[in-house]
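So the structure is just underneath, and the comments pick up after that.
The values are calculated or read from the model by the stated rules, or taken from the named source; none is laboratory data. The model shown is predicted, which means the values in this text are computed figures rather than measured ones. Because the Cβ atoms are built from the backbone with ideal geometry, glycine has one as well, and the counts that use them run over all protein chains shown. These area figures cover heavy atoms from the full protein model, side chains too; ligands, DNA and RNA do not enter into them. Shrake-Rupley method; radii C 1.70, N 1.55, O 1.52, S 1.80 Å.
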Amino acid sequence: MKVSALASSLIGSEIIKIGNEVNEMKRKGASIANLTIGDFDSSIYPIPSELKTGIVEAYHQNQTNYPPADGVLSLRETVSGLLKDRFDLDYGANSILISGGSRPLIYATYLALVDPGDTVVFPAPSWNNNHYCHLTSANTVAVKTDAENNFMPTAAQLKPHLKGATLLALCSPLNPTGTMFSAAQLAEICDVVLEENKSRKEGEKALYIMYDQMYSLLTFGKEHVHPVGLRPEMKDYTIFIDGSSKCLAATGVRVGWGFGPAEIINKMKAIVGHMGAWAPKAEQVAMADYFQHKGQVDTFLNGFKKRIQDSLEALYNGFIELKNEGFNVDAIEPMGAIYLTIKIDYIGKSTADGQLLKDSADVNFYLIKEAGAALVPFSAFGNEDHMPWFRASVGACALQDIKEMMPRIKAALSKLK
Ligand SMILES: Cc1ncc(COP(=O)(O)O)c(C=O)c1O
């Protein structure tokens, strides 16, 4: 069958591929700690009970017709208040767009700003920018970052690629690393973007930052920073991506919000409308009500974050212990989100039955089979397959399973020669 050039060259999600293999092995009876998918096991991490009740109640009230194209007003107003309260950001309801989770907002940002052949710059590792570049036929520039900077991009790394670029896609706390920008790091990047925009001629397209702060309410002590807070002039050039999927463990509820300059948000509204990618109306109504009760939100967030942090720290401490025992592993201290960055430097080693682990995918599948531990190599986030770094996502795994997995990893690594 003939499909479009775009469809025939689409690449599926590597993470879902690994996740599917793990599920297949589990189906056959294997016991595997699944640290692959950036999702939650809803029996371990259910959504807030008040939100659940609110959604059911909204259906009882027949909130079942089309929502307004930009989202129900009460939710946009609630989000406006939330942004002011939590991040000191001033965005009125007209600068906020609701959609069915945050992905449509990312795609709409790309579609609203990027013409075929325009340059989009993003760090590697990062999540899914390569796919959105493909969908918009962008000229893709993936800038490699390094462990010394917690895999967050620096102004010096980005600057050489920004001349004439249309979009710089940033994210903090970052998927896949669970690390965050410091104020100084991000301010330097903003300065480079402002300088680039000043150098552009009248009528020339500006350079925008898409700032994905999906995990901004899931931080463990470090302050979340954003371009507009550090450089108010960045307000004209920043489109924020945000939403409820991760901070409320509500990935299946599908309510996301984006905000930025009203004229761009308006175009994104039309794009999301043509896709019909609105959030279900009942979920919007319930979400608006839920976020109006700050005490209840804080109680949920504190409990939820503590459990996620406990899991990340158990994993982090486990790998640091192995490192101290002389294993070729390392980890970066968790700062936010649901992810830990782990180094497992065993590429080039051989298994007990003589099989060479030639790349990070081989190491990953060895650990799945031998240790019942499934991670995602950074090659799934735009890095080379010889890079020994991996993402562990703790949302779909109980703390006990993580603790029980560590001795199995130790035993499996001990067998490599
Ligand atoms: C950084 C980041 N942004 C956006 C999303 C998309 O979220 P949603 O499920 O609301 O579409 C994800 C999901 O994994 C993410 O990690």
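Taking square-rooted eigenvalues a ≥ b ≥ c of the alpha carbon gyration tensor, is segment 90-208 rounded, prolate or oblate, where a/c under 1.5 means rounded and, failing that, a/b exceeding b/c means prolate?
Note, shape of segment 90-208 comes out rounded.
Would you please put 182-190, 212-220, 142-150 in order of how densely packed they are, using the mean number of other Cβ atoms within 10 angstrom per residue and starting with the highest?
Order by mean packing, descending: 212-220, 182-190, 142-150.
Please give the net charge around residue 311, taking every other residue with its beta carbon less than 12 angstrom from that of residue 311, where Lys and Arg add +1 and Asp and Glu add -1.
0
Given a 1.4 Å probe and every protein chain left where it sits, what share in percent of the accessible area of the chain is carbon and sulfur?
50
Could you grab the Rg to Rh ratio for segment 72-121? Cα atoms only, Kirkwood for Rh.
1.09
To the nearest 500 deg cm²/dmol, what mean residue ellipticity at 222 nm is calculated for the chain from DSSP H runs of n ≥ 4 alone, each contributing -39,500 (n - 2.57), summed and divided by the residues?
-13000 deg cm²/dmol
Shape verdict for segment 194-291, please, from the Cα gyration tensor: rounded (a/c under 1.5), prolate (a/b greater than b/c) or oblate.
It is oblate, given that a/c is not under 1.5 and a/b is not larger than b/c.
As I understand it, the value is the acute angle between the Cα axis of helix 73-87 and the longest principal axis of the Cα atoms of the chain; what does it come to in degrees, rounded to 10?
That works out to roughly 60 degrees.
How many angstrom separate the Cα center of segment 73-124 from the Cα center of segment 235-297?
Taking the Cα centre of segment 235-297 as reference, the centre of segment 73-124 is 8 Å away.
Give me the angle, in degrees from 0 to 90, between the Cα long axis of helix 183-198 and the longest principal axis of the Cα atoms of the chain, rounded to the nearest 10.
50
Using only the alpha-carbon atoms, how far is helix 294-324 inclined from the longest principal axis of the chain? Give it as 0 to 90 degrees, nearest 10.
Value to nearest ten degrees: 30.
Above 27 Å lies some portion of the pair distances; for segment 142-268, what is it as a whole percent of all C-alpha pairs?
19
Cβ neighbours within 10 Å, averaged per peptide: list 11-20, 245-254 in order, most packed at the top.
By packing density, highest mean first, the sequence is 245-254, 11-20.
With N set to the number of residues, divide the alpha-carbon radius of gyration of the chain by 2.2 N^0.38 Å and report two decimals.
Dividing the Cα Rg of the chain by 2.2 N^0.38 Å gives 0.99.
Order the peptides 266-275, 324-333 from the highest to the lowest mean number of other Cβ atoms within 10 Å of their residues.
Ranking, from highest mean packing down: 266-275, 324-333.
Per residue, how many Å² of accessible area does the chain show with a 1.4 Å probe?
42
What does DSSP give for the chain in terms of the percent of beta bridges that are antiparallel, rounded to the nearest 5?
Percentage antiparallel, nearest 5: 50.
Compute the separation of the alpha-carbon centres of segment 304-346 and segment 373-398 and state it in Å as a whole number.
Cα centres, segment 304-346 to segment 373-398: 12 Å.
Could you list, in their original order, any pairs among 26/403; 343/369; 294/403; 349/369; 235/267; 17/343 whose Cα atoms are separated by more than 28 Å?
294/403
Which residue, 4, 167, 379, has the largest displacement toward the positive end of the dipole of the chain when charges sit on each Cβ (Lys, Arg +1; Asp, Glu -1)?
Selected residue: 4.
Using a simple charge model, +1 on the beta-carbon of Lys and Arg, -1 on the beta-carbon of Asp and Glu, nothing else, what dipole does segment 49-293 show about its Cα centre, in debye to the nearest 20?
400
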